[in-house]
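Notes to accompany the following structure.
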Amino acid sequence: MEFSPNDNNNLPLTKFESMLKTNNVLFFDSEEFENIIHHYLTQGKVALAKKAIKLGLEQHPTSTNLKLFQVEVLVFENKLNQADKILNSLHDLEPQNEEIYIQKANILSKKDDHEKAINVLKKSLELTEDVSDIYSLIGMEYLFLDKFEDAKSYFMKCLETDLEDYSALYNMMYCFDFLEQTEEAIEYLNAYLNNNPYCEVAWHQLGKQYYDLQDYKKALAAFDFAIISDDTFIGAYIEKGKVLEKLKKYQEAIENYSITLKLDDPTSFALLRIGSCYEKLGNQELAVQYYYKTVHEDPLLDKGWIAITKFYTKQRNFQKSLYYINKAINIDAENVTYWKLYAKINQRLNFLEEAERGFKKALELGNYEIDTWLTRGDILLQLGETEAAVYNFLQASEFYPENAEIEYRLAGLYYTLNETEKGSFHLKNGLHFNPEYAFILKELFPKVYNKQQVKSLLKTD
């Protein structure tokens, strides 16, 4: 029995809390203790639940349900061996109690022994009338084992016993998605909707499957049915907006995204999409207004800052682009995309030291794309940092060992440093990997290109 603030059922709770304040020990029957403990656990008040369990077991030391609550708290606190001992003693007394098996499986799952947990849960199926919850727990254990087909089949069993078990529906769809079984998912959802035609969750999931297949007409119809089933379903309006964007119906997309802003607090995603739609419609003023709203709503959403930065870059207003990407970096200095944009904008402004710093930071954060190495190295070359450029390209060659663009640059750098043997080695590598990129020497190292030895190697090839 749940306690609520406006009924008489909370009298034992009030009495219990009064007892804690006065230290007067009052008597409660075991069911009252169970309700009190359940209330505190539901509220996340574990300390008060533990007090209630302790007092409850003092007054009712043989209560199996109170001991099961004790086990639940011990598992929550990761005191698994202690919980296991209590369960073993309970099993000796009540070997047909399904809840003992469920808690035992929970402990095994916590110990990452998911196969044993599944076996225990299957045993509990023989003892319970409410199989749906057990099916769901078995499905979750199979998910832990990455056995998605098995997991899927048990979530399907959940839905066979309870059509409105939407948690099982979501988990089952996760399995379909992971297994890339889009057609099978569509077939299942259509069959499911024949039995439950006003299930907005199923229509929503069906729309997402059609969206993945780029069947936007059917996706749109599915999201419309989701909205008919529940006209406050924010997810359906969002997905419908995404479909409308794909169909280049930007004004209709804006209308759907805007509905979500009225149904609940604004989401940064909806604001961002509205801004993007306005930009595609050529309404620059409203576009940037919504980009501002996006970052105001969620300063940690990188897509918002990236949208503003790219907006001003397209306008060739690089000073403003730089201003906003700097703000973004101040909020999250570990975002690789921010540093790449920072570097490119500074490069456009001919702020080469800052551009090089940006590319270097991107590399430090794990952005090992070939263009990052090449552009940084070329900037170091422009800055006259020849040895730093060599080191940069040598590092790059570890990631891209047969890249002609890197080899020609290393050849030019080593010839510049009068290390002819190394220059020759890398030039031969470049010619071997791709002779068509030899123009790099002419463009970046014209003096090297005109050396007799270099011309001889180029002709030899």
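The values are calculated or read from the model by the stated rules, or taken from the named source; none is laboratory data. Keep in mind the model is a prediction, meaning the values are calculated, not measured. In this analysis, Cβ positions are derived from the backbone assuming ideal geometry, glycine residues included, and neighbour counts consider all displayed protein chains. Only protein heavy atoms, including side chains, enter the accessible area calculation; ligands, DNA and RNA are left aside. Shrake-Rupley method; radii C 1.70, N 1.55, O 1.52, S 1.80 Å.
Out of everything in the range 143-167 that is part of a helix (DSSP H, G or I), of a type in the set (D, E, K, R) and touching a residue at least 12 places away in the same chain (Cβ under 8 Å), what residue ends up being farthest from GLU115 (Cα to Cα)? Walk me through it before giving the result.
Within the range 143-167, the first condition is being part of a helix (DSSP H, G or I), and the residues that meet it are 143-144, 148-161, 166-167.
If we keep only those that are of a type in the set (D, E, K, R) too, we end up with 149-150, 152, 157, 160.
When the remaining residues are screened for being touching a residue at least 12 places away in the same chain (Cβ under 8 Å), the result is 149, 152, 157.
Details: GLU149: 15, LYS152: 16, LYS157: 19 Å.
It comes out as LYS157.
Name the residues in the range 206-252 that are in contact with a Leu (Cβ under 6 Å, 6 or more places away or on another chain) and in a helix (DSSP H, G or I), would you? Outline the logic, then answer.
From the range 206-252, those in contact with a Leu (Cβ under 6 Å, 6 or more places away or on another chain) are 206, 216, 222, 232, 234, 243, 250, 252; that's our starting set.
Across the range 206-252, the qualifying residues are LEU206, TYR216, ALA222, ILE234, VAL243, TYR250, GLU252.
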If a residue must be under 16 Å from GLN382 (Cβ atoms) and among the basic types (Lys, Arg), how many such residues does the range 440-460 contain? 1
Please give the number of the condition VAL131 fails out of (1) touching a helix residue (DSSP H, G or I) at 6+ places or on another chain (Cβ under 8 Å); (2) over 23 Å from LEU159 (Cβ atoms); (3) of a type in the set (Val, Ile, Thr). (2)
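Across the range 38-80, which residue is least open to solvent (accessible area, probe 1.4 Å) among those that are of a type in the set (Asp, Glu) and closer than 17 Å to ASN106 by Cβ? Full working, then the answer.
So the first thing to find is which residues in the range 38-80 are of a type in the set (Asp, Glu), and the list is 58, 72, 77.
Imposing the further condition that a residue be closer than 17 Å to ASN106 by Cβ reduces the set to 72, 77.
Numbers: GLU72: 79, GLU77: 59 Å².
Checking each candidate, the answer is GLU77.
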Go through the range 253-270 and report how many residues are part of a helix (DSSP H, G or I), closer than 19 Å to ALA307 by Cα and among the β-branched types (Val, Ile, Thr). 1
Check off (1) within 30 Å of LYS218 (Cβ to Cβ); (2) of a type outside the set (Gly, Ala, Ser); (3) open to solvent by less than 40 Å² (accessible area, probe 1.4 Å) for VAL295 and give me the number that stays unchecked. (1)
Give the residue, chosen from LYS246, LYS208, LYS240, that is without any contact (Cβ under 8 Å) to a residue 60 or more places away in the chain, open to solvent by 20 Å² or more (accessible area, probe 1.4 Å) and in contact with a Gly (Cβ under 9 Å, 6 or more places away or on another chain). LYS240
Breaking point among (1) within 28 Å of ALA343 (Cα to Cα); (2) open to solvent by 60 Å² or more (accessible area, probe 1.4 Å), for ASN403: (2)
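Step by step: first the residues of the range 196-205, then only those that are in a helix (DSSP H, G or I) and in contact with an Asp or Glu (Cβ under 8 Å, 6 or more places away or on another chain), then the one that is surrounded by the most Cβ atoms within 10 Å (Cβ to Cβ). Which residue is that? Before you say what the answer is, go through the steps one by one.
Here is the first cut: in the range 196-205, the ones in a helix (DSSP H, G or I) are 200-205.
Still in the list and also in contact with an Asp or Glu (Cβ under 8 Å, 6 or more places away or on another chain): 200, 204.
Details: GLU200: 20, HIS204: 24.
Among them, the one singled out is HIS204.
Of everything in the range 237-268, what is farther than 21 Å from GLY282 by Cβ, out of contact with any Ser or Thr (no Cβ under 7 Å at 6 or more places or on another chain) and modelled with pLDDT of 95 or more? Give them in sequence order. First the steps, then the outcome.
Our first condition is that a residue be farther than 21 Å from GLY282 by Cβ; within the range 237-268, this holds for 237-240, 243, 259-268.
Narrowing further to those that are out of contact with any Ser or Thr (no Cβ under 7 Å at 6 or more places or on another chain): 239-240, 243, 259, 261-262, 264-266.
Within the range 237-268, GLU239, LYS240, VAL243, ILE259 qualify.
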Give the number of residues within the range 113-132 that are open to solvent by 50 Å² or more (accessible area, probe 1.4 Å) and touching a residue at least 24 places away in the same chain (Cβ under 8 Å). 1
